[in-house]
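In what follows, a single structure is set out as structure tokens and then discussed.
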Amino acid sequence: MNALHVLIACLLVVFYVIGAYGDATAQPSEAPVLHFGGCGGVYLLAESGELWIEVEKYDLNVRGRKIFLRAILAGPDRAVLAEETLPEDGLGKGDGPGPVQQVRLSAQVPCRGVYVLNITVSEDRYGEDIAWGFRTNCAKYLVETSRGHRDAAHEEPLVLLGPDVPGDICFRPERGAFTVELSGLNADVEPPVLYDGGDGVVAVITPDAEGNGRFTVSTEAPRGSMPWRLHLPVFRGTVHIDGVTRWPDDSDYPNFSLWTPNADSWFPFHENRWLLTPYRRTVYLNGAAEETVAFEVYNNADAPRTVRLEVEFAGESFPATLSVAEASVEAKNTVNVTLACALPEGVEEASCRLRATPQDTPEFSTYATVTLRRGIAPAEQPLNLPLVFKPYTHENELFGYLPRYPLDNQVYFNKRGQPFVVAKTALLALSDTGWRALSEVAGTDGEALPFTTRSAKCAFDADNTVYLLGQVEGRAAMLYARPSEERLNPCFLPVRGSVDLEQFSGNNPLEGPPPLVSYTFTEKDPDVFWRRLNDLHLLLPAKGAGSALSIGKPILISRKCIGFSAHSGIPSSLVSRDRKVHVVWAEATEPEELAPGVPTFVATFDRNTQQLGKPALVGYGPPANDCHNTPSITMDSQGYLHVLIGTHGRTFQYVRSLEPNNAEGGWTEPEELGPGLRQTYVGLVCDQKNTLHVVFRLWFDGGNPYFPASHYATLAYMRKRQGEPWSNPKVLLVSPFSEYSVFYHRLTIDPRGRLFLSYDCWSTYWFYRNDHHGTRRALMMSPNGGDMWKLGAMEDLQQMVP
């Protein structure tokens with residue numbers, strides 16, 4: 001660093017100190033609002049009194065979109081306190097930046113806690129055609145620049161859009177080596193300067209003639225206090241900082257895109273994120289004298305910590321007893337705590353706050369709320385569909401939904417109706433004494449081995465032996481356990497890649513171990529984004545001596561399989577009966593063929609003859625070469641095969657075999673489920689009355705009562721009774737935000753024919769998802785073939801088959 005650069009850096013420090021950038025608590029006229037692109041929001045550590053935050057936006061009008069900015073202010077318990085919309089400016093594509101619009105949101109703060117400002121934008125989930133900024137009277141705040149997701153590595157570049165005044169990016173430095181990368185700078189002004197937490201100059205980053213500059217901080221460089229500060233003489237350009245806008249594999253805080261333009265507003269949020277969850281609980285006593293509410297205390301720091309817990313009352317107190325007053329939590333770990341509550345005689349509803357304060361950062365403190373009510377929870381009643389979710393308002397807030405069963409994944413039932421749920425490192429089963437976990441695999445020498453699961457599915461044979469797919473000591477395996485066994489047994493699989501097994505879909509009870517298919521990825525098309533090539537093999541486990549399993553030689557089905565999209569719908573690749581196994585798959589085509597969609601095939605393997613029949617082409621699922629388009633197969637009580645051909649934002653097509661239990665006997669012509677339906681992710685079952693049931697994501701455009709300015713996703717249901725056409729779609733859920741959503745839905749059926757729908761409402765917006773710790777998964781069920789739906793209760797899982 002030469003003497004001129006040092007002089008410039010010192011002058012910039014002086015300029016900063018004497019007030020080039022205004023105080024965060026200043027009134028609106030005292031400092032310009034800095035504007036930036038993207039979406040996201042602000043976390044505010046607010047003190048008691050009035051909290052206000054003014055949001056500005058102007059449209060760039062580069063792409064001609066209708067840009068409506070939605071601003072939501074929510075409290076520490078994520079109760080929405082204010083919501084405002086800044087509309088589009090009425091200008092068109094190429095008209096240049098529009099006028100600055102402004103709106104103020106405010107709330108009364110009863111006591112210290114972390115508030116959130118959530119910013120989303122219609123028709124622009126990446127915030128590419130908008131500039132926004134804010135000012136607030138809150139002294140402590142952090143911005144989180146978080147756009148919608150992309151099908152690529154997560155990055156959140158800081159796009160700085162002025163005005164032409166100095167500005168800072170204050171951030172937490174990574175402990176490992178990290179790079180600051182700048183582009184779009186004005187090379188004619190002073191260079192940006194990087195400072196450490198003590199305002200020592202780390203580097204002057206001189207841009208080249210194209211306005212690009214970079215500097216890498218070594219692992220050995222001392223980090224000192226927080227935050228570090230990147231000072232820009234003009235608040236324009238694009239900034240990338242490892243650990244802030246992109247994250248290496250060993251990043252301290254992956255996907256935390258936290259920064260602030262004011263070093264004085266910094267507060268210790270990284271290590272305290274998700275300190276106490278859930279943020280809010282609504283509890284109905286349901287006739288009980290008291291109720292116990294579960295919370296998690298999470299330590300996001302890299303060392304053990306102690307968190308102090310206490311109960312606070314805004315009004316009259318009532319009995320509320322914590323299981324512990326202090327929680328000692330290991331690094332990156334959780335401690336479960338409970339709060340036992342009761343209402344005094346004559347009181348119908350009351351609330352309290354559960355406060356959490358870390359001992360090592362007592363300046364940080366926040367709380368969750370519990371609202372206790374008498375009576376029966378609305379979650380016990382039939383649902384008035386659709387469920388219309390609002391931001392931070394899901395099943396518990398709407399209906400008092402508090403399930404007493406695991407929500408790791410969808411629920412399956414054995415022949416007795418006993419429920420099972422596959423978790424990440426265990427198989428969970430309901431017994432007479434409650435939920436028990438099979439979390440160990442029996443090794444060859446009798447030792448207990450841990451495992452992880454490779455699929456959320458499980459299956460059962462005629463003896464009620466349970467089967468699932470797992471990974472043991474780095475090897476793929478089918479795991480199984482007889483009803484009396486406390487450990488799972490492994491049958492190792494000769495596969496690479498993903499595996500699917502046949503699960504019960506309504507009329508396919510298994511006599512023995514479930515057939516499997518494996519998908520071995522071989523090629524990705526560099527020019528067609530969703531085009532994949534996989535080798536598809538059929539594997540047939542069989543019981544040997546002592547009921548041990550063996551796997552024969554894999555049977556090649558196709559070398560052009562497009563793959564298996566299982567995160568939503570979790571479709572069925574296989575269905576079998578009377579020693580015949582039917583496989584459905586979709587294939588990639590050469591792009592120059594201009595195929596009308598992904599060709600979908602069904603083939604039958606006969607266990608008696610050990611022959612694979614000729615594949616039957618049953619239809620095409622548009623668009624072509626899209627690995628989302630996984631088909632699903634099931635059968636009815638008579639053995640006829642039913643297939644839904646997968647699509648991506650297009651209408652599913654339905655076909656049925658002309659002969660029972662035979663894919664080579666001909667098929668009906670493909671028929672669309674309905675006109676113009678934009679469907680994705682098949683979830684298909686068939687009940688004992690031969691009614692087909694399907695759940696899927698369904699897109700709608702704007703001009704609707706939910707999101708008039710943009711498109712949005714719903715979770716929808718259709719059925720086809722035997723001899724009747726497909727029903728119209730019934731919308732089950734409406735996402736809390738417009739733009740992209742997915743529901744990770746999985747439809748299962750029990751031996752009684754009851755439908756169980758597990759789902760997890762997932763928004764594209766990183767800010768909303770990052771704010772929630774853990775899953776939002778819930779369970780809905782229909783006891784009568786889709787006529788009525790309700791949220792699942794423990795009693796619904798305890799109805800064993802006589």
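The values are calculated or read from the model by the stated rules, or taken from the named source; none is laboratory data. What you are looking at is a predicted structure, and each value in this text was computed from that prediction instead of being measured. In this analysis, Cβ positions are derived from the backbone assuming ideal geometry, glycine residues included, and neighbour counts consider all displayed protein chains. Accessible surface areas use protein heavy atoms only, side chains included; no ligands, DNA or RNA. Shrake-Rupley method; radii C 1.70, N 1.55, O 1.52, S 1.80 Å.
Points to keep in mind about this one:
- Looking only at residues of the range 677-702 that are in a loop (DSSP other than H, G, I, E, B) and under 26 Å from Met780 (Cβ atoms), we find that the one that is most open to solvent (accessible area, probe 1.4 Å) is Lys689.
- Qualifying residue in the range 269-287 (condition: at pLDDT below 95, under 30 Å from Leu343 (Cβ atoms) and not in a strand (DSSP E or B)): yes
- For the range 183-233, a residue qualifies if it is in a loop (DSSP other than H, G, I, E, B) and open to solvent by less than 40 Å² (accessible area, probe 1.4 Å), and the qualifying residues are Leu185, Pro191, Pro192, Gly197, Gly200, Ile205, Pro207, Gly211, Ala221, Arg223, Pro227, Pro233.
- Checking each residue in the range 71-122 for being open to solvent by 30 Å² or more (accessible area, probe 1.4 Å), among the small types (Gly, Ala, Ser) and over 30 Å from the mean Cα position of the chain (by Cα) picks out Gly90, Gly94.
- Residue count for the range 703-737, restricted to those that are more than 14 Å from Leu387 (Cα to Cα), open to solvent by 20 Å² or more (accessible area, probe 1.4 Å) and not in a strand (DSSP E or B): 15
- Residue count, the range 392-404 (criterion: touching a Phe, Trp or Tyr at 6+ places or on another chain (Cβ under 7 Å) and part of a loop (DSSP other than H, G, I, E, B)): 1
- Residue pairs meeting the criteria (Cβ under 6 Å; at least 6 apart or on separate chains; first farther than 15 Å from Glu54 by Cβ and among the charged types (D, E, K, R), in the range 84-102; second part of a strand (DSSP E or B) and at pLDDT 95 or above): Asp89/Asp59
- Pairs with Cβ under 8 Å, 6+ apart, first in the range 606-632 and without any contact (Cβ under 8 Å) to a residue 12 or more places away in the chain and assigned to a loop (DSSP other than H, G, I, E, B), second surrounded by fewer than 15 Cβ atoms within 10 Å (Cβ to Cβ) and not basic (Lys, Arg): none
- Inter-residue pairs, beta-carbon under 8 Å, first touching a residue at least 12 places away in the same chain (Cβ under 8 Å) and in the range 145-156, second among the β-branched types (Val, Ile, Thr) and assigned to a loop (DSSP other than H, G, I, E, B), 6+ apart: Thr145/Thr245; Gly148/Thr764; His149/Thr764; Glu155/Thr245; Glu156/Val244; Glu156/Thr245
A quick yes/no check of all residues on (1) modelled with pLDDT of 95 or more; (2) aliphatic (A, V, I, L, M); (3) open to solvent by less than 10 Å² (accessible area, probe 1.4 Å):
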position	(1), (2), (3)
Leu322	yes, yes, no
Val335	yes, yes, no
Ser351	yes, no, no
Ala368	yes, yes, yes
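- Matching option when the condition is open to solvent by less than 20 Å² (accessible area, probe 1.4 Å), within 18 Å of the chain's Cα centre (by Cα), among the charged types (D, E, K, R) and modelled with pLDDT of 95 or more, among Asp771, Asp750: Asp771
- Taking the range 147-178 as the range and being surrounded by fewer than 18 Cβ atoms within 10 Å (Cβ to Cβ) and among the charged types (D, E, K, R) as the test, the residues that pass are Arg150, Asp151, Glu155, Asp164, Arg175.
- The residue of the range 124-140 that is surrounded by the most Cβ atoms within 10 Å (Cβ to Cβ), among those that are touching a Ser or Thr at 6+ places or on another chain (Cβ under 7 Å) and under 12 Å from Leu51 (Cα atoms), is Lys140.
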